Amino acid sequence: MDKNLKRMATMNRMQKSGLDLFYAQGYYNTSIDDILKSLNLSKGAFYYHFQSKEEFFISIVQNLVFRKVYSMLIEPIEGEENPLRAIEICLDDALKTAEFNDLDYGFVLSNFLNEFNGRNEKITRYLTDIVKVWEVNIVTALQRGKTDGFVERHIDSEGAAAFIISGYFGIRSLMVTGNCKMLRYNYIQQLRYYFRSLSPVVLA
């Protein structure tokens, strides 16, 4: 058991370091030697745990990237009474985190999706699956909001979810080189206007 725990701890350390490198440099600009240097590992030690760089990256996507997206963008809106308010707060919090991150290179999920699009179908599928989980979560929240009276019943939940996700992808890209605080403020303001259009009209 101790041996297995030690192996898991080593793999986790490798994955965290690997994610930092891939996020900063990109997958194709990061070599096995870069990874070994950052971890102070031999090639034999690396290949004991992973058969290839691709397998190593997939393990990072399945564990770290998924957990990061889940904890930041999915879990905060699960079970919340007003889905529109919950989504707004969730996205604003995520953008605030990025705003104060001195080593921000964009949204990790969208960065990797862009990098692998048309270059590696296998990895793209893993990344797309995370987007689908996020999308289903938003759709479920909006559908529940319809039942509970927070969202107009005629609203296309799938279309709204796609709009929300694509908007977040876009603003995160702009924040890399732009005025983060102003961009976040403007985005959230416009998101509020959009959400008002999804809410039932309250009659006086």
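Some notes on this structure:
- The angle between the Cα long axis of helix 121-148 and the longest principal axis of the Cα atoms of the chain comes to about 30 degrees, rounded to the nearest 10.
- Remark: relative contact order (the chain) = 21 percent; criterion is Cα-Cα distance under 8 angstrom and separation of 6 or more residues.
- Chymotrypsin sites (Phe, Trp or Tyr not before Pro) within region 1-49, DSSP loop, no more than 12 other Cβ atoms inside 10 Å: Tyr28
- If you take all other residues with their beta carbon under 12 Å from the beta carbon of Tyr187, and give Lys and Arg +1 and Asp and Glu -1, the sum is +2.
- Set of aspartates and glutamates with alpha-carbon distance to Lys146 below 14 Å, sequence-local pairs under 8 removed: Glu80, Glu81, Asp156, Glu158
- For the chain, the longest principal axis of the alpha carbon atoms and the long axis of helix 83-99 meet at an angle near 40°.
- Pairwise inverse Cα distances across the chain, averaged and inverted, put the Kirkwood hydrodynamic radius at 18.8 Å.
- Applied to region 22-38, the Karplus parametrisation 6.51 cos²θ - 1.76 cosθ + 1.60 on θ = phi - 60° returns per-residue 3J(HN,Hα) values of 5, 5, 7, 10, x, 5, 6, 8, 10, 9, 4, 4, 4, 5, 4, 5, 5 Hz, with x for Gly and Pro.
- Around Tyr105: net Lys/Arg minus Asp/Glu count, Cβ-Cβ under 13 Å: -3
- In sequence order, calculated HN-Hα J values of region 39-48 (Karplus, 6.51, -1.76, 1.60; Hz; x Gly/Pro): 9, 6, 10, 8, 4, x, 5, 5, 6, 5
- Net charge of Cβ neighbours under 10 Å - reference Glu81; Lys, Arg +1; Asp, Glu -1: 0
- Accessible surface of region 1-50 [probe 1.4 Å, protein heavy atoms]: carbon and sulfur percent: 53 percent
- Flagged links, alpha-carbon separation over 32 Å, of Lys43/Lys96; Lys37/Lys132; Lys53/Lys132: Lys43/Lys96; Lys37/Lys132
- Mean ellipticity per residue at 222 nm, deg cm²/dmol - from DSSP H runs of n ≥ 4 across the chain, formula -39500 (n - 2.57): -22500 deg cm²/dmol
- Separation in nanometres of the label points that stand 7 Å from Cα toward Cβ, at Asn179 and Ser71: 3.3 nm
- Once the convex hull of all Cα atoms in region 135-175 is built, its volume per residue stands at 63 Å³.
- Apportionment of accessible area to carbon and sulfur, region 54-102, percent (1.4 Å): 44 percent
- Sequence-distant residues sharing a close amide H with Ser199 (under 5 Å, placed H): Glu152
- For region 66-152, the solvent-accessible area with a 1.4 angstrom probe is 51 square angstrom per residue.
- Here the Debye sum runs over all C-alpha atoms of region 1-50 as equal scatterers in vacuum, and log10 of I(q)/I(0) at q = 0.21, 0.23, 0.30 Å⁻¹ comes out as -0.72, -0.83, -1.19.
The values are calculated or read from the model by the stated rules, or taken from the named source; none is laboratory data. Since this is a predicted model, take the numbers as computed values, not measurements. With ideal geometry, Cβ positions are generated from the backbone for all residues, glycine too; neighbour counts draw on all protein chains shown. With ligands, DNA and RNA removed, areas are computed over all heavy atoms of the protein, side chains included. Shrake-Rupley method; radii C 1.70, N 1.55, O 1.52, S 1.80 Å.
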